[in-house]
Amino acid sequence: MNGSDTANAMKSETQVIVRPARNIRGTVELPGDKSISHRYGMLAGIAEGPSRLRNYSTGADCASTLACMRALGVSWKRNGAGEIEVEGRGPVLAAPSTALDCGNSGSTMRMLSGIVAGQPFTSEMVGDASLSRRPMERVIKPLSAMGARIESQQGKPPLRITGGALQAIDYKMPVASAQAKSCLLFAGLYADGETRVEEPLRTRDHTEVALRAFGGHVDRKNIGSGSEVRIRGGGQRLRGIEARIPGDLSSAAFFLCAAGLFPGSELTLPNLLMNPTRARLLDILMQMGLRISVTQLEEIHGELVGSLQVEGAPLKGTKLAGGDSAALIDEIPVLAAIAPFSQQGIEVRDAKELRVKESDRIQAVAANLRRMGAVVEEFEDGMRIPGGQTLHGAELDSFSDHRIAMAFAVAALRADGESLIRGAEAAAISYPAFFDALEILAER
Ligand code: S3P
């Protein structure tokens, strides 16, 4: 058992009972986006001067990022009400005296590995049981090609990274992963020359946007359904920023899908992230019949933010594949969880990556849906869930995965009878206040 496993074992399991609802109604403001919080937390640390980050994610994953930055010599403090003040240290960090504990956070381990690969010292990165099973070759291979020395457990954590002088790389990524892309862009900052990263399918571009917000130079352009990003190494100077982090769209997905369960729903989500590389869920839900309008659109540090008004309607079915599956990778569990209640059901293909997330999300979704009495067909790269099904309440499992816990709290709202979610504490990884917010919105 490593440090964070011990901490997890000490945390008692929480069970939450979810009763059926008849509507979703109200307003909820989401904590800061998890993807942006990680990136701002890291970039603020290697920038020069102070940063003030308001509405920083309340999730445990983003706290793992801040704890690692502190272990690398970056000072920061919480100013209350979700504001973090970071004292930028500049690009060269301090050698950590303990292992960098990334907890459950793949984003922390993969993205930060790009920064520590540029440091003149050795860092050890560890994670909890789930993270210790996740593939890291996607960062090990290109970082090694850039000159970092990395030891791992056959491509899995813990990682021992000895950084130093890096050479720029021209790299075509074999998997669509924003975390791996970000890792290479961060490493590219420390490399000699220009690093070019090509991704097969477009993934979230928060790193590119955030680097510019902190004063860095990056060029990106679309290539077919993918993109190419170039970053110049050798001493780009980043400077601290003041920012309000937009509300997390992937957390909002649970409420949007809950609204999709009841034609009479009315939901308002102010200050929500609207970045086009993240907003595919809104298109899909609108195609399925949900009525969504956006007001008060503005851009903050290059990120689109808006206020969403949502009205429920009977949901049609959909098929997700290719670029859609990559763009919706974090939202597929909740879309699949509501699929039985749609008219034609949902089919998901090209989503093999779901098998190597915090849990095997294809297997977890199928298992929970079956416990509720649903028919599900499972494929190696997805699933098919027929629509028009009636589900009963059941004992469900989070599989220690935040998105599975929240997805099935949503499905349980439309089941006949109440459901019990075991391991519900997993929701705190990205959204600790989730169950309270859902209770406020659910009309019974
Ligand atoms: C993330 C990228 C995605 C996503 C994760 C957050 C990011 O992971 O699933 O929740 O912030 O870059 P992959 O890079 O593994 O696709």
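Here are the numbers for this structure:
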{"item": "Search result, residues across the stretch 64-85 that are open to solvent by less than 40 Å² (accessible area, probe 1.4 Å), within 21 Å of Gly114 (Cα to Cα) and within 22 Å of the chain's Cα centre (by Cα)", "result": "Ser64, Thr65, Leu66, Cys68, Met69"}
{"item": "Residue in the stretch 131-146 that is away from the ligand (no atom under 13 Å from the Cβ), of a type in the set (S, T, N, Q), in a loop (DSSP other than H, G, I, E, B) and open to solvent by 10 Å² or more (accessible area, probe 1.4 Å) present", "result": "no"}
{"item": "Qualifying residue in the stretch 92-100 (condition: of a type in the set (Val, Ile, Thr), within 20 Å of Leu249 (Cα to Cα) and in a loop (DSSP other than H, G, I, E, B))", "result": "no"}
{"item": "The stretch 163-178, residues that are outside any helix (DSSP H, G or I) and either within 16 Å of the ligand (Cβ to nearest atom) or within 23 Å of the chain's Cα centre (by Cα) (or both)", "result": "Tyr171, Lys172, Met173, Pro174, Val175, Ala176, Ser177"}
{"item": "In the stretch 248-282, the residues that are over 19 Å from the mean Cα position of the chain (by Cα) and assigned to a helix (DSSP H, G or I)", "result": "Ala258, Ala259, Gly260"}
{"item": "Matching option when the condition is crowded, with 17+ Cβ neighbours inside 10 Å, touching a residue at least 60 places away in the same chain (Cβ under 8 Å), away from the ligand (no atom under 16 Å from the Cβ) and of a type in the set (S, T, N, Q), among Ser359, Ser430, Ser419", "result": "Ser419"}
{"item": "Residue ID - nearest to Ala165 (Cα to Cα), chosen from residues in the stretch 179-213 that are open to solvent by less than 30 Å² (accessible area, probe 1.4 Å) and more than 13 Å from the ligand (Cβ to nearest atom)", "result": "Ala191"}
{"item": "Residue match in the stretch 147-162 (condition: open to solvent by less than 30 Å² (accessible area, probe 1.4 Å), among the β-branched types (Val, Ile, Thr) and in a helix (DSSP H, G or I))", "result": "no"}
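The values are calculated or read from the model by the stated rules, or taken from the named source; none is laboratory data. All figures in this text were calculated on a predicted structure; none of them were measured in a lab. Backbone-built Cβ (ideal geometry, glycine too); neighbour counts: all protein chains shown. Accessible surface areas use protein heavy atoms only, side chains included; no ligands, DNA or RNA. Shrake-Rupley method; radii C 1.70, N 1.55, O 1.52, S 1.80 Å.
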